[in-house]
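In what follows, a single structure is set out as C-alpha cells and then discussed.
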C-alpha cells in the first residue's frame, strides 16, 4: 500500500509544488469572481491579471530567499 501513497504524493507534487502559491491563486480567483463584476469592463482583465502577477512575483521572491 505504500506504493499507492507514493504515487498519490507524486501526482499531487506534479500539480501543486507550492501549496501556498496554489491557495493564493484560488483565493484571488474567488475574490475576483465576487468583486470584479462591479468594476468596469475595461478594468476587469487588468485587475485579474495584475493580481495573478503579484502572486507570481511574491512566490518567486519567497522561493529565491529559501534557496
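Every number in this text was worked out from the coordinates using simple rules, so none of it is lab data. Being a predicted model, the structure only gives us computed values, none of them experimental. Because the Cβ atoms are built from the backbone with ideal geometry, glycine has one as well, and the counts that use them run over all protein chains shown.
Using only the alpha-carbon atoms, how far is helix 2-15 inclined from the longest principal axis of the chain? Give it as 0 to 90 degrees, nearest 10.
Tilt of helix 2-15: around 30 degrees.
Run the simple label-point estimate for residue 60 and residue 43 please: 7 Å along Cα→C-beta, distance reported in nm.
About 2.6 nm, to one decimal.
Tell me, in nm to one decimal, what length is gained between residue 17 and residue 4 on full extension, where the rule is 0.36 nm per residue of separation less the Cα-Cα distance?
Residue separation times 0.36 nm, minus the Cα-Cα distance, leaves 2.8 nm.
Could you work out how far helix 19-35 tilts from the main Cα principal axis of the chain, as a 0 to 90 degree angle to the nearest 10?
30 degrees
When the helices in the chain are scored as -39500 (n - 2.57) per DSSP H run of 4 or longer and the sum is shared across all residues, what 222 nm value do you end up with, to the nearest 500 deg cm²/dmol? Provide the component values of the computation, followed by the final result.
Details: 3 runs with 57 residues, N = 67.
That comes out to -29000 deg cm²/dmol.
To test your reading of the geometry: what angle, between 0 and 90 degrees and rounded to tens, separates the Cα axis of helix 41-66 from the longest principal axis of the chain?
So the helix axis and the longest Cα principal axis differ by about 40 degrees.
Using only the alpha carbons of the chain, what is the convex hull's orientation-averaged projected area in square nanometres?
Taking the Cα atoms of the chain, their convex hull projects to 6.1 nm² on average.
Can you tell which of 48, 26, 14 shows the greatest fluctuation in a Gaussian network model of the chain with Cα springs below 10 Å?
Highest fluctuation among the options: 14.
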